[in-house]
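The values are calculated or read from the model by the stated rules, or taken from the named source; none is laboratory data. Note that the structure is predicted; figures quoted are calculated from it, not measured. Neighbour counts run over all protein chains shown; Cβ positions are idealised from the backbone, glycine included.
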């Protein structure tokens with residue numbers, strides 16, 4: 001009985017966590033994942049830090065030390081086996097795992113600086129969201145502090161200019177701003193400053209089971225982000241096969257909309273005490289009609305060229321004769337015949 005109650009308690013906590021994320025996602029999408037005040041403040045601070053030092057990580061570390069009496073300490077995995085960052089207020093230390101690469105270290109110290117120097121702006125955004133539970137507020141706080149840290153690493157105007165002059169070259173952007181692939185991908189979804197807009201990208205991060213752990217539609221309004229499952233014909237799944245390579249694809253949904261997508265596998269530089277490492281694929285995309293400026297889209301006929309027909313998951317997809325179908329579509333009569341064997345075991349009636 002005690003075990004059953006414990007299991008039920010854990011299940012309730014998981015359900016609450018899931019339910020708490022839904023309003024956070026809605027709030028992020030309501031803002032189209034662009035927060036002008038945070039962006040402006042981070043941009044001013046980034047310019048100030050650049051004047052003092054060329055090394056952003058060192059400049060942030062020095063600001064934390066001089067203004068906020070916080071020192072940075074890098075700890076080995078055996079001392080901090082299950083944490084990447086820990087704030088020890090008693091010792092006045094921000095402790096970071098040595099498993100973090102330089103881009104991740106810069107992000108983590110930027111995150112800490114956001115919690116101190118952008119606190120009023122972050123708290124105002126949280127209050128304005130009107131969440132009904134504390135867990136949603138904490139998730140949103142983490143998102144906003146992360147947003148500020150990324151904006152500090154990739155200041156809006158400089159980043160947008162680099163995007164436009166390089167054809168949104170992802171590898172060049174990584175090197176120029178000392179950021180990781182996932183950090184750059186997320187930043188691309190935020191470029192919606194009035195009078196200074198970037199291309200409206202969406203981003204999604206999936207694991208090998210196809211489950212999404214991050215998804216931002218931004219200003220793209222992409223149904224590919226909102227779908228709870230993904231079509232196996234979308235090559236985002238193939239990116240696990242060749243880590244480091246960027247996969248590109250032109251896809252077409254049933255409504256006729258075309259999307260140019262990019263995908264690359266990423267592996268966080270952390271592991272559990274048992275040695276398990278995580279791996280994900282980060283997918284980026286935007287409407288094909290807007291993708292012409294992209295360096296990765298060169299040589300492709302985005303409007304009339306051949307596109308892979310995909311759906312929003314088998315249960316939502318009504319494409320006939322798909323050999324990859326794993327379930328029948330909702331609301332269609334299933335056809336079963338002893339005299340024939342169709343391409344798919346789930347043949348169904350058309351309109």
Can you pull out the residues in region 252-262 that are assigned to a strand (DSSP E or B) and out of contact with any helix residue (DSSP H, G or I) (no Cβ under 8 Å at 6 or more places or on another chain)?
252
Assess whether residue 206 counts as being more than 30 Å from residue 238 (Cα to Cα) and modelled with pLDDT of 95 or more.
no
Per the filter on region 211-229, residues touching a helix residue (DSSP H, G or I) at 6+ places or on another chain (Cβ under 7 Å) and assigned to a loop (DSSP other than H, G, I, E, B) are 217
Just a yes or no: is a residue in region 95-106 assigned to a strand (DSSP E or B) and free of Cβ contacts under 8 Å to residues at least 40 places away in the same chain?
yes
For region 263-303, name all the residues that are assigned to a strand (DSSP E or B), out of contact with any helix residue (DSSP H, G or I) (no Cβ under 6 Å at 6 or more places or on another chain) and in contact (Cβ under 8 Å) with a residue 12 or more places away in the chain.
271, 280, 285, 286, 287
By residue number, the members of region 125-141 that are closer than 15 Å to residue 31 by Cα and surrounded by fewer than 12 Cβ atoms within 10 Å (Cβ to Cβ) are 127, 128, 130
Before we move on, is residue 39 at pLDDT below 95, part of a helix (DSSP H, G or I) and closer than 26 Å to residue 203 by Cβ?
no
Single condition residue 334 does not satisfy, out of (1) at pLDDT 85 or above; (2) farther than 17 Å from residue 251 by Cα
(1)
List the residue pairs whose Cβ atoms are under 7 Å apart, where the first residue sits in region 174-203 and is closer than 18 Å to residue 110 by Cα, the second is modelled with pLDDT of 95 or more and in a loop (DSSP other than H, G, I, E, B), and the two are 6 or more positions apart or on different chains.
174/180; 177/154; 179/154; 187/154; 190/33; 190/34
Kindly establish whether residue 337 is surrounded by 12 or more Cβ atoms within 10 Å (Cβ to Cβ) and part of a loop (DSSP other than H, G, I, E, B).
no
For region 42-85, give me each residue that is touching a residue at least 40 places away in the same chain (Cβ under 8 Å) and assigned to a loop (DSSP other than H, G, I, E, B).
70, 77, 81, 82, 84
